[in-house]
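Q: Quick one: structure below, then a few questions.
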Amino acid sequence: MTDSLQSVGIPAGIATGNDYLTLLRACHEGCYALPAINVTSSSTANAVLEAAAHNKSDIIIQLSYSGARFYGGRGLKNDHKAAVYGALSLAQHIHMVAKEYGIAVILHTDHANRPLIPWLNDLIDFSATQYANTGRPLFSSHMLDLSTEPLEDNIKECAIILKRLTPLGVGLEIELGLTGGEEDGIGQEYNENTTDNAHLYTQPEDVLKAWQELSPLGTVSIAASFGNVHGVYKTKINLNPEILKASQELVQHFSHTGPKPLHLVFHGGSGSELEKIEQAISYGVFKMNIDTDTQFAYAQGVGHYIKDNQEAFEYQVSPVTGQPLKKLYDPRRWVRAGELSLIERLHQSFITLGSRGKTIAFR
């Protein structure tokens, strides 16, 4: 990281507006990326914050529509309202506690396709109200994923959303090309046996067109697919990060910018080869999504705890010793086991992405 960024820094907590841009620039100049972790509960959010603080790294916390809907409560029958209230509630929780962890947080919403634009617009409406009252939006950035649609339609709709976000100091992430697999209800299951995977590789010319039309409107980051697939599979995924390099060079040449002008995003990070991750970061990736691995880590922690304390999940009082088992089946015990396992998995992510010890936040 440069001395200038170390001396400037940004306040701990949620990074928006100029602080968000400063954090992106720090990743660019320091040649590292931030883990972007999907959360579905205050427990998973707290674990991610704890891991980031322990590693002295800034972090990206993101919510999908499905995750937000779950947080809103299955008892609410209106899916749209539950997803809106869930996203707002979880975001407010993160706002309340993030600053105390002493790191900067990019608060982001993940894949939203065309049917989810009303959800996105409701969240933007709330941010607009909050911005009018406090000078700060609720979220740092949002994603609009129209990668299954024609490029012109994708760009046109993204431009509409970006024009709403820019006055609030909020960025927009878009997707070009398709990331394989399904992510929280968006996309479809990846077919490991197919040989027709051309759609998984973005054309640099498409990246140039999107950048030229959208970058004048606000802060845009691009998830340009280079063979990425959501999830972990038996077969090896053929990643080609050279697509990112070619896209950067094409935009630099035609837009007369400095080196690596694009803010790039790596989707489907779980299970990826270290060499490919390092290449992608060297080509300008500042954000790598990790969901499958972290879900598995949390589940493993809970599963191991239950296995090790099986008696407590079958009896309230031990039939062997006659002692109460409440302290063992207390949800705080097994939920914490999940958190600790997730935290342990994230330690490696901060090292792999090069962000460990590089927070630019101050209290």
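The values are calculated or read from the model by the stated rules, or taken from the named source; none is laboratory data. It should be emphasised that the depicted structure is a prediction, and the values quoted were computed from it without experimental measurement. When we count neighbours, we look across all protein chains shown, and the Cβ atoms used for this are built from the backbone with ideal geometry, even at glycine.
Q: Being in a loop (DSSP other than H, G, I, E, B) and either crowded, with 17+ Cβ neighbours inside 10 Å or in contact with a His (Cβ under 6 Å, 6 or more places away or on another chain) (or both), is that true of even one residue in the range 241-258? Explain how you work it out, then say what you get.
A: Start the filter on the range 241-258 by keeping residues that are in a loop (DSSP other than H, G, I, E, B), which leaves 241, 256-258.
Going one step further and asking which of them are either crowded, with 17+ Cβ neighbours inside 10 Å or in contact with a His (Cβ under 6 Å, 6 or more places away or on another chain) (or both), we end up with 241.
Scanning the range 241-258, I find at least one residue that is in a loop (DSSP other than H, G, I, E, B) and either crowded, with 17+ Cβ neighbours inside 10 Å or in contact with a His (Cβ under 6 Å, 6 or more places away or on another chain) (or both), so the answer is yes.
Q: Tally time: how many residues in the range 271-292 are closer than 19 Å to I61 by Cα and surrounded by fewer than 21 Cβ atoms within 10 Å (Cβ to Cβ)?
A: Number of matching residues: 1.
Q: With the structure loaded, tell me whether L264 is surrounded by 23 or more Cβ atoms within 10 Å (Cβ to Cβ) and free of Cβ contacts under 8 Å to residues at least 60 places away in the same chain or whether it fails that test.
A: yes
Q: Do we find that E183 is modelled with pLDDT under 75, surrounded by fewer than 15 Cβ atoms within 10 Å (Cβ to Cβ) and of a type outside the set (F, W, Y) in this structure? Spell out how you get there, then give the answer.
A: Numbers: modelled with pLDDT under 75: yes; surrounded by fewer than 15 Cβ atoms within 10 Å (Cβ to Cβ): no; of a type outside the set (F, W, Y): yes.
It is false that E183 is modelled with pLDDT under 75, surrounded by fewer than 15 Cβ atoms within 10 Å (Cβ to Cβ) and of a type outside the set (F, W, Y).
Q: Further question: Among the listed residues F362, F296, which satisfies the condition of being surrounded by fewer than 20 Cβ atoms within 10 Å (Cβ to Cβ) and in contact with a strand residue (DSSP E or B) (Cβ under 8 Å, 6 or more places away or on another chain)?
A: F362
Q: Give me a count of the residues in the range 343-358 that are surrounded by 18 or more Cβ atoms within 10 Å (Cβ to Cβ) and over 23 Å from I10 (Cβ atoms).
A: Keep residues of the range 343-358 that are surrounded by 18 or more Cβ atoms within 10 Å (Cβ to Cβ), which gives 343, 345-346, 349-350, 352-356, 358.
The next check asks that each one be over 23 Å from I10 (Cβ atoms); those that pass are 343, 345, 352.
Residues that pass the stated criteria total 3.
Q: Look at A82 and say whether it is modelled with pLDDT of 95 or more and either surrounded by fewer than 23 Cβ atoms within 10 Å (Cβ to Cβ) or assigned to a strand (DSSP E or B) (or both).
A: Yes: the conditions hold for A82.
Q: Scan the range 235-247 and tell me whether some residue there is modelled with pLDDT of 70 or more and β-branched (V, I, T). Before you say what the answer is, go through the steps one by one.
A: Looking only at the range 235-247, we keep the residues that are modelled with pLDDT of 70 or more, and these are 238-247.
When the remaining residues are screened for being β-branched (V, I, T), the result is 243.
Yes, the conditions are met somewhere in the range 235-247.
Q: Still on this structure, I have one more. From the list S147, S140, which residue is at pLDDT below 95 and not β-branched (V, I, T)?
A: S147
Q: Out of the residues in the range 146-160 that are part of a helix (DSSP H, G or I) and in contact with a helix residue (DSSP H, G or I) (Cβ under 7 Å, 6 or more places away or on another chain), state the one that is surrounded by the most Cβ atoms within 10 Å (Cβ to Cβ).
A: For the range 146-160, the residue satisfying everything is C158.
Q: Mind checking which residues of the range 6-55 are part of a strand (DSSP E or B) and either surrounded by 17 or more Cβ atoms within 10 Å (Cβ to Cβ) or on the phi > 0 side of the Ramachandran plot (or both)?
A: Answer for the range 6-55, where residues must be part of a strand (DSSP E or B) and either surrounded by 17 or more Cβ atoms within 10 Å (Cβ to Cβ) or on the phi > 0 side of the Ramachandran plot (or both): I10, G13, I14, L34, P35, A36, I37, N38.
Q: Follow-up question, since we're still on this one. Does the range 102-112 include one or more residues that are modelled with pLDDT of 95 or more, out of contact with any Lys or Arg (no Cβ under 6 Å at 6 or more places or on another chain) and either more than 22 Å from G171 (Cβ to Cβ) or surrounded by fewer than 16 Cβ atoms within 10 Å (Cβ to Cβ) (or both)?
A: No: zero hits.
Q: Could we say that R69 is under 23 Å from V302 (Cα atoms) and surrounded by 24 or more Cβ atoms within 10 Å (Cβ to Cβ) here?
A: Yes.
Q: Scan the range 338-360 and give yes if some residue there is touching a Cys at 6+ places or on another chain (Cβ under 9 Å), in contact (Cβ under 8 Å) with a residue 12 or more places away in the chain, under 24 Å from L49 (Cα atoms) and hydroxyl-bearing (S, T, Y), otherwise no.
A: yes
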